[in-house]
Amino acid sequence: MNKRDPKINVAMIGCGEMGRVHSACLSQMESVRLLWFCDTTLSQALSLAERYPEGRPTTSAEEVFADPRVHAVYITTQTDSHKQLCLAAARAHKPVLVEKPVTLCSAGTLEVARAFQQARLPAMVGFKFRFYSLVQRARTLVPEPYLIHVQVMDDPWPLDFWANDPAKGGGHVISQGIHGADLLRFLSGSEPLSVFAVGKNYHQPTGVIDHVSAIFRFANDAAGTLNIGDSGQPPGMGKFLVQMFGREGVVVLSDRLTRLAFHPSDRGEIRYLQGEEDGFINENRAFIQLLSGPAASESSLYEGYLSQVMIDGALTSAQNHHMESLVSAHE
């Protein structure tokens, strides 16, 4: 970025579904130029690059990181490649937006977070749901909830889906359930202290824990429950459900968090709001704003780390049948 050319040059590493979605969002911003499209499958990179006038395809992430024109990198590849790519970006002094989860375990995510902290580079995690307009509205309606319930229940994941592979994506609880952990963190506004969970492998041939029900205690005394599984989306509610209970009343978010109902505690009239799935565009705007000037990251690598600590703790608790302390994660 300079006075002659104020545009932000972005490289997309990973040209599958998430790469296409983020590219479409960025193309709506006049301040952004999509410069590189990188994928291990050249045809994927070519297919996406040809949609954008200045896009160049490559199969080499090293070529992307070596280009001094690149101001920021999106990492939207399979999860098992995130750590290596993030650390390479930090060494090349490139800010990143990395899709969730950052890595397959909290220890790996902490290593990435420390690398960017030491390099003093901005970075964000793709936790799109905290950027939904109705999620933000729910947080203002009940700013200090007593109890929060988040549900992430999907249709059964196919065996050949890469995210369902324990080595590539970790399975549903890790890969998609982390959205629920981040929502609990975001809506509670506090640090997780402990978790007790019940869960097991019910049907996935991969052997991963495919369903889990967990209760978390937060530092501000809020309690949060998280149900994750892939035995089917609840009719009338959708894959993602949020319920918040607090002094101000009760909030329910359903239908992929695009429908909000608020029942005030004074027993006033129930209010209904209809929204849209605007999380992707809003998180992309937030990342570009982060690159453009002094601003705190709204979805930092540290947030990604804590959400992963919550998932790791829940899985451990489900296996050993004991409550797990999470305090050491943020000391």
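Just report the Cα centroid separation between region 99-142 and region 9-75, whole Å.
21 Å
State the extension gain, in nm to one decimal, for the chain segment bounded by ALA167 and ASN201, taking 0.36 nm per residue of separation less the distance between their alpha-carbons.
On the way: separation 34, 0.36 × 34 = 12.24 nm, distance 1.61 nm.
Length gained, ALA167 through ASN201: 10.6 nm.
Rounded, prolate or oblate for region 153-247? Axes are the square roots of the Cα gyration tensor eigenvalues, ordered a ≥ b ≥ c, and the cut-off for rounded is a/c under 1.5. Numbers along the way, then the final one.
Working: a/c = 2.31, a/b = 1.72, b/c = 1.34.
It is prolate, given that a/c is not under 1.5 and a/b is the larger ratio.
Hey, what number do you get for the chain at 222 nm if only DSSP H runs of n ≥ 4 count, each worth -39500 (n - 2.57), divided across all residues, to the nearest 500? Walk me through the numbers before you get to the answer.
Working: 10 runs with 107 residues, N = 331.
Calculated at 222 nm, the ellipticity per residue is -9500 deg cm²/dmol.
From the C-alpha gyration tensor of the chain, pull out the three semi-axes of the equivalent ellipsoid (sqrt of 5λ each), sorted largest to smallest, in whole Å. It would help to have the intermediate numbers written out before the result.
On the way: eigenvalues 215, 105, 74 Å².
The answer is 33, 23, 19 Å, longest axis first.
Expressed in nm to one decimal, what extension gain is obtained for the pair MET29 and ASN320 from 0.36 nm per residue of sequence separation less their Cα-Cα distance? Can you show the working numbers first?
Details: separation 291, 0.36 × 291 = 104.76 nm, distance 4.85 nm.
This chain segment gains 99.9 nm when fully extended.
Return the long-range amide H neighbours of LEU326 (sequence gap of 5 or more, or a different chain), with a cut-off of under 5 Å between placed amide H atoms.
SER194, VAL195
According to the Cα gyration tensor, what semi-axes, each the square root of 5 times an eigenvalue, does the equivalent ellipsoid of region 202-328 have, listed from largest to smallest in whole Å? Present the calculation step by step, with values, prior to reporting the outcome.
Working: eigenvalues 145, 110, 68 Å².
So the equivalent ellipsoid measures 27, 23, 18 Å along its semi-axes.
Quick check on the chain: of the DSSP beta bridges with both residues there, what percent are antiparallel, nearest 5%? Don't skip to the answer; put the middle values down first.
On the way: 37 of 64 bridges.
Close to 60 percent.
Between PHE129, GLY304, LEU291, whose Cα lies farthest towards the positive end of the dipole of the chain when Lys and Arg beta carbons carry +1 and Asp and Glu beta carbons carry -1, centred on the Cα centre?
LEU291
Could you check how many percent of all C-alpha pairs in region 1-93 are farther apart than 21 Å?
Numbers: 1050 of 4278 pairs.
Tail fraction, whole percent: 25.
How many Å³ per residue does the convex hull of the Cα positions in region 133-172 occupy?
On the way: hull volume 4.8 nm³, N = 40.
Roughly 120 Å³ of hull volume per residue.
With the dipole of the chain worked out from charges on the C-beta (+1 for Lys and Arg, -1 for Asp and Glu) around the Cα centre, which of GLN319, GLN28, MET12 lies farthest toward the positive end?
GLN28
Mind telling me which of ASN201, ASN284, ASN164 comes out most flexible in a GNM of the chain, alpha-carbon contacts under 10 Å?
ASN201
What size of dipole, in debye to the nearest 20, comes out for region 192-331 about its Cα centre when the only charges are +1 on Lys and Arg C-beta atoms and -1 on Asp and Glu C-beta atoms? Provide the component values of the computation, followed by the final result.
Working: 9 positive and 16 negative charges, 57 e Å.
Taking the Cα centre of region 192-331 as origin, the dipole is about 280 debye.
Would you list, by chain and number, the lysines whose Cα falls below 30 Å from the Cα of LYS128, excluding same-chain residues fewer than 8 positions away?
LYS7, LYS83, LYS94, LYS100, LYS168, LYS200, LYS239
When only DSSP loop residues count, what GluC sites (Glu not before Pro) in region 24-99 have their Cβ near at most 13 other Cβ atoms within 10 Å?
Details: sites: GLU30, GLU50, GLU54, GLU62, GLU63, GLU99; in loops: GLU30, GLU50, GLU54.
Passing sites in region 24-99 are GLU30, GLU50, GLU54.
Taking the Cα centre of the chain as origin, sum charge times position over the Cβ atoms of Lys and Arg (+1) and Asp and Glu (-1), and report the length of that vector in debye to the nearest 20.
Details: 29 positive and 35 negative charges, 150 e Å.
The dipole of the chain has a size of about 720 debye.
I'd like the trypsin sites (Lys or Arg not before Pro) in region 57-108 restricted to DSSP loop residues with at most 16 other Cβ atoms within 10 Å, sorted by number.
On the way: sites: ARG69, LYS83, ARG91; in loops: ARG69.
Sites meeting the loop and neighbour criteria: ARG69.
Taken together, the values in this text are just the output of simple stated rules run on the coordinates, not laboratory data. Here the structure is a predicted model, which means the values were calculated and not measured. Don't worry about glycine lacking a Cβ; one is built from the backbone with ideal geometry, like all the others, and counts go over all protein chains shown.
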